[in-house]
Amino acid sequence: MPIATGLSQERIVLVIAVALFVVFSIALPGFLDAGNLLSLIQNVSILGILGVGMAIAIIGRGIDLSILSTMPISVAWMLSLVNGGMPLWLAFLCALAFVVLVGIVNGVLIAYVEIPAIFATLAMGIAVYGFGKAYLVPIEAVYISGGGTSWFYSIGSGRVLGVPAPVVVFALVALAAWLFLRYLKPGRFIYGMGDNPAAARITGIPVRPMIVVQYVLISIIALVAGIVMATALSHINTRLALSTMVYDVILVVVLGGIGLSGGKGGIRNVIVGTVLIGILLNGMTIMNLTYTVQSILKSVILLAAIVVDTLLNPRDEQTAQHGDI
Amino acid sequence: MPAMKLLKAMAAAAVLTAATGAAVSEPYDDGQSKTYYETVKGKKVAFVPLSMGFDLTEGWNAGLQNQARALGYTVEVRDPNWNVEAGVQAANGFIADKPDVLILHPLDQQAYNRVVPRALAAGINVIQINMKSVTNGDAFVGADWYDLGVKQAEAVVAACGKDSGKNGKIAIVTGQAATPTIVIGNMAFDDVFGQHPEIQIVARQSADFDPAKAQAITSTILKQNPDLCGIVGVWDGQDSGTAAAIREANMQDQVFFVSSGGGSKAAACDNIENGSFDAYVSYDVPGQARDLNAALKILLQTKPEPGSNPFALYTPLKVLTKDNLTPSSCWKLEELKAMGG
């Protein structure tokens with residue numbers, strides 16, 4: 001992180017977000033409406049929740065490409081168990097056990113078998129999707145059938161004190177992750193491991209068990225995101241695992257300023273990245289731009305953020321780190 | 001040797017009973033039925049769906065397998081899991097195996113353009129289901145996407161147009177831009193709305209067949225146009241997201257939402273019943289499964305020169321609303337598996 005200019009990537013993205021926000025507020029009638037602003041955040045809250053999970057991976061110098069399989073498969077299995085007559089709490093425990101297992105396998109592959117995280121989780125993502133489709137949920141779209149009256153079903157669609165529930169869940173997940181990373185020993189360990197794994201091990205940090213804990217946490221966050229998504233849309237489709245959404249999640253994290261080389265950044269970066277994407281999507285929808293134009297504009301703004309960062313904070317021997325991508 | 005004689009006598013008796021038994025159980029032939037059963041028996045049918053595991057293909061396959069079991073032929077399925085290249089490979093693999101009929105479910109108009117002529121040249125009859133390549137096979141079974149678009153657009157015109165007393169403001173939340181179902185459907189929307197100048201399209205956005213995107217887009221559109229009268233959706237899988245946004249904005253009474261799809265109970269009728277969809281154009285998968293089986297039986301019996309005389313069985317579309325909903329309007333996969341086709 002450069003000190004000279006005082007403009008880190010996070011700040012650059014924040015400036016762009018604020019600039020866009022001001023422009024949209026002036027130019028687009030109805031943008032600055034409280035309802036619109038809440039729905040702006042709501043529309044990216046699932047992305048944000050997954051971003052928090054991805055941030056935990058990347059800060060610890062890892063990455064988790066399997067979350068986009070873990071999320072739909074675990075929730076689809078849970079819903080099909082409920083549709084088959086199982087009580088909700090028991091089905092939830094089954095899904096929880098499933099994601100914990102996925103997290104443990106991820107962690108063990110990375111920490112003990114020493115496969116690079118990007119390959120271990122890529123393979124696990126495919127394995128989870130394949131296993132899920134073959135044995136747990138043969139039909140892609142699993143609907144929440146009829147009589148769901150439990151509060152559980154309003155996680156994605158209800159409101160808490162006027163705030164959409166998905167926004168509240170995003171805030172809670174972000175808060176919990178922030179407290180964990182900032183104040184708990186395992187959280188500090190993750191920064192240590194990300195900054196310099198060898199030094200972390202020599203210092204006495206139990207690096208390998210910590211990696212397992214890290215990936216279990218990420219899997220659980222994926223389950224939470226999946227529950228929000230399913231209860232918001234009243235169904236979940238396992239085909240999500242074949243989508244490119246995982247890149248959007250990485251984008252939110254990296255855009256916010258969490259370096260892929262690990263050890264840097266925090267939850268604040270995820271929020272900044274998520275909000276920028278939210279403002280962009282919302283404004284472009286109000287302007288009624290076509291899907292293709294939206295994609296072009298989105299990528300141009302993202303590239304601009306990276307270019308500005310590179311110009312203001314050039315890499316040199318002091319800032320470059322082993323493992324930079 | 002008395003023992004040997006006894007054995008011979010027993011064997012003779014056994015043959016005699018078997019022969020008379022066979023004679024007794026010989027089914028009645030009305031002049032056509034015997035040839036019918038004999039012609040289709042033992043035939044080989046191959047099916048390359050877009051992907052298994054979703055309501056349309058699972059429904060068709062349930063019907064195909066039921067008829068195959070009843071008539072003693074086989075339907076082999078290779079699942080390309082949404083991947084066009086894998087689909088082309090699967091189809092080519094089947095062509096090498098020389099089945100009697102190849103059923104293709106193309107992702108788009110171009111995907112199987114080379115596969116269809118190759119199969120025809122190899123002497124295999126080709127059926128295309130619900131999506132058609134530019135090249136004709138021997139039969140097409142499925143929805144006429146233009147007709148489907150017209151029916152959806154007309155439903156929204158009836159709800160928001162001149163005679164409804166409403167303001168005519170509508171939005172279109174469409175799907176993946178390049179797919180022919182969407183391209184053809186959009187032409188139909190434009191043609192119908194072109195004849196109704198009172199209809200004003202305030203937003204036209206693609207949600208890329210992703211319900212989460214549909215929800216995000218719709219919530220923004222509703223915030224921008226609080227007086228919106230109607231929304232046109234394109235496919236129930238995506239439209240559940242649009243419906244969620246309408247529900248969340250408490251605008252279910254105000255916004256008329258028309259969707260479409262294969263008409264499975266969880267995706268269609270449940271949503272019509274709970275008010276998520278105000279109208280739904282169904283292409284009725286059980287009916288399509290029956291049509292598919294009919295096309296198959298025709299081809300197996302008449303054995304036309306592949307590609308010589310293409311015919312089509314366009315699906316009669318059903319416009320479902322809360323008022324005309326009956327217990328048999330939609331279908332469940334378990335029921336279709338038990339006795340569909």
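The values are calculated or read from the model by the stated rules, or taken from the named source; none is laboratory data. Remember, predicted model here, so these are calculated numbers, not experimental data. All Cβ positions, even for glycine, are placed from backbone atoms using ideal geometry, and neighbour counts span all protein chains on display.
For region B:161-188, a residue qualifies if it is in a loop (DSSP other than H, G, I, E, B), within 14 Å of another protein chain (Cβ to nearest Cβ) and not hydroxyl-bearing (Ser, Thr, Tyr), and the qualifying residues are B:GLY175, B:GLN176, B:ALA177, B:ALA178. If you go through region B:239-265 and keep only what is free of Cβ contacts under 8 Å to residues at least 60 places away in the same chain and assigned to a helix (DSSP H, G or I), you end up with B:SER240, B:GLY241, B:ALA243, B:ALA244, B:ALA245, B:ILE246, B:ARG247, B:GLU248. Does A:ILE46 satisfy being away from chain B (no Cβ under 14 Å) and under 27 Å from A:ILE306 (Cα atoms)? For A:ILE46, the condition - away from chain B (no Cβ under 14 Å) and under 27 Å from A:ILE306 (Cα atoms) - is not met. Out of the residues in region A:23-43 that are of a type in the set (Gly, Ala, Ser) and within 8 Å of chain B (Cβ to nearest Cβ), which is farthest from A:VAL270 (Cα to Cα)? My answer is A:GLY30. Exactly one residue out of A:LEU38, A:LEU68 is buried (at least 19 other Cβ atoms within 10 Å of the Cβ) and either in contact with a helix residue (DSSP H, G or I) (Cβ under 6 Å, 6 or more places away or on another chain) or touching a residue at least 60 places away in the same chain (Cβ under 8 Å) (or both): that is A:LEU68. For region B:189-238, a residue qualifies if it is at the interface with chain A (Cβ under 9 Å from one of its Cβ atoms), within 22 Å of B:ASP144 (Cα to Cα) and part of a strand (DSSP E or B), and exactly one does: B:SER206.
Does at least one position in region A:262-272 carry a residue that is assigned to a helix (DSSP H, G or I), under 27 Å from A:ILE73 (Cα atoms), within 13 Å of the chain's Cα centre (by Cα) and facing chain B (nearest Cβ under 9 Å)? For region A:262-272, residues assigned to a helix (DSSP H, G or I), under 27 Å from A:ILE73 (Cα atoms), within 13 Å of the chain's Cα centre (by Cα) and facing chain B (nearest Cβ under 9 Å): absent. Give the number of residues within region A:122-147 that are part of a helix (DSSP H, G or I) and either touching a Phe, Trp or Tyr at 6+ places or on another chain (Cβ under 8 Å) or within 14 Å of chain B (Cβ to nearest Cβ) (or both). Total meeting the criteria: 9.
Restricting attention to region B:38-84, the residues being assigned to a loop (DSSP other than H, G, I, E, B), in contact with an Asp or Glu (Cβ under 7 Å, 6 or more places away or on another chain) and not hydrophobic (A, V, I, L, M, F, W, C) number 4. All told, A:ILE59 falls short of being surrounded by 24 or more Cβ atoms within 10 Å (Cβ to Cβ), at pLDDT 90 or above and within 14 Å of another protein chain (Cβ to nearest Cβ).
Go through (1) in a loop (DSSP other than H, G, I, E, B); (2) modelled with pLDDT under 95 one by one and return the number of the condition B:GLY87 breaks. Here B:GLY87 meets the rest and fails (1).
Among the residues of region A:148-177, those that are within 11 Å of another protein chain (Cβ to nearest Cβ) and either within 17 Å of A:ARG239 (Cβ to Cβ) or among the small types (Gly, Ala, Ser) (or both) comprise A:SER154, A:GLY156, A:SER157, A:GLY158, A:ALA165.
Only residues that are touching an Asp or Glu at 6+ places or on another chain (Cβ under 8 Å), surrounded by 15 or more Cβ atoms within 10 Å (Cβ to Cβ) and within 17 Å of A:VAL254 (Cα to Cα): list them for region A:265-315, please. Correct list: A:GLY265, A:ARG268, A:ASN269, A:VAL272, A:ILE277.
Of the residues examined, B:ASN274 is not one that is among the polar types (S, T, N, Q), under 27 Å from B:THR35 (Cβ atoms) and at pLDDT below 95.
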